[in-house]
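One structure below.
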Amino acid sequence: MVFSRYRGDVPMLRPPGVYRPQADTALLAGALRRAGVAAGARVLDVGTGTGAMAVAAARCGAREVVAVDVAAGAVLAARVNARLRNLPVRVLRGDLFEPVAGERFDVIVANPPYVIGDAFPEEVRGRARAWEAGPCGRALLDRICAQAPAHLAPGGTLLVVQSALSGVAATLVALRDAGTRPVVAARRDEPFGPVMRRRAASLEARGAVRCGQRHEELVVVRADLTGTRDHGHNGRGGYGGRGGPAGGGERGGRRDGARRAA
């Protein structure tokens, strides 16, 4: 069992195979604080890992926080980390939005795998679930863009972090097509970590990075639900109107947990 310190807080429990919060988590947490969480809001953390974002959302004032992860170790870690801080976080195991079918949230946060490679999330286990995202780096990003808006309450907000190498424009287009108003809310350059350095030559061969490039831009996209269409809110939550030290991580500016949905 490993403990990782998060922003000077009580160390975060991190079982083997669960990735520690890193620069992208910190960027996403900052975007969440700036966006604000209304008193009484319901927040969903998709792919919670150690639970760092769920903890951040609870501390921002959310009435209820639900955290989801496909990995049993991540579910355990998130539950313990929330309990150590006496925070009201409900942690569920499952693939993306399946454990919360029919539920709506005021805020959804997501830090999915986004590293370009040959493997897909469902093909790997352990920490690699935190970064492997297929040849375009969008295996989970595309699913989140397509499914998240249906889980937003009227006026709700999605915050998702990714690498610019995985196509920010594609995320903006997909979220706009899904009925939201997406914008880039935050960005930060980060040096490659061990995973990205190991596959730098492959990324160069794919044309994903320039020759000699050893950094990537991390980007948080914010998408607000537009229009008045009713997605079938089930009445569970009020409409109250979801990290780690900055620096290059193992994934390459990466990652909050081996948590990722397959």
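Just a few scattered comments:
- Arg187 being open to solvent by 50 Å² or more (accessible area, probe 1.4 Å) and modelled with pLDDT of 85 or more: yes
- Which listed residue, of Leu203, Leu159, is crowded, with 20+ Cβ neighbours inside 10 Å and assigned to a strand (DSSP E or B): Leu159
- Residues of region 190-200 satisfying the condition of being open to solvent by 30 Å² or more (accessible area, probe 1.4 Å), within 30 Å of Ile108 (Cα to Cα) and either assigned to a helix (DSSP H, G or I) or in contact with a Cys (Cβ under 7 Å, 6 or more places away or on another chain) (or both): Pro194
- The condition of being part of a loop (DSSP other than H, G, I, E, B) and either modelled with pLDDT of 90 or more or closer than 25 Å to Phe105 by Cα (or both) holds for only one of Cys145, Cys211, that being Cys211.
- Residue list for region 108-130, filter: closer than 20 Å to Thr50 by Cα and either assigned to a helix (DSSP H, G or I) or open to solvent by 10 Å² or more (accessible area, probe 1.4 Å) (or both): Pro121, Glu122, Val124, Arg125, Gly126, Arg127, Ala128, Arg129, Ala130
- The listed residue being at pLDDT 95 or above, open to solvent by less than 20 Å² (accessible area, probe 1.4 Å) and not β-branched (Val, Ile, Thr), out of Ala133, Ala153, Ala174, Ala170: Ala153
- Test: residue in region 92-100 that is more than 29 Å from Gly193 (Cα to Cα), open to solvent by 30 Å² or more (accessible area, probe 1.4 Å) and either part of a strand (DSSP E or B) or touching a Pro at 6+ places or on another chain (Cβ under 8 Å) (or both): yes
- Of all the listed residues (Ala54, Ala74), the sole one being surrounded by 24 or more Cβ atoms within 10 Å (Cβ to Cβ), aliphatic (A, V, I, L, M), at pLDDT 95 or above and touching a Ser or Thr at 6+ places or on another chain (Cβ under 7 Å) is Ala54.
- Region 91-106, residues that are of a type in the set (A, V, I, L, M, F, W, C) and touching a helix residue (DSSP H, G or I) at 6+ places or on another chain (Cβ under 7 Å): Val91, Leu92, Leu96, Phe97, Val100, Phe105
The values are calculated or read from the model by the stated rules, or taken from the named source; none is laboratory data. In this text the structure is predicted, and so the values were computed from the model without any measurement. Because the Cβ atoms are built from the backbone with ideal geometry, glycine has one as well, and the counts that use them run over all protein chains shown. Keep in mind that these areas ignore ligands, DNA and RNA; they rest on the heavy atoms of the full protein, side chains included. Shrake-Rupley method; radii C 1.70, N 1.55, O 1.52, S 1.80 Å.
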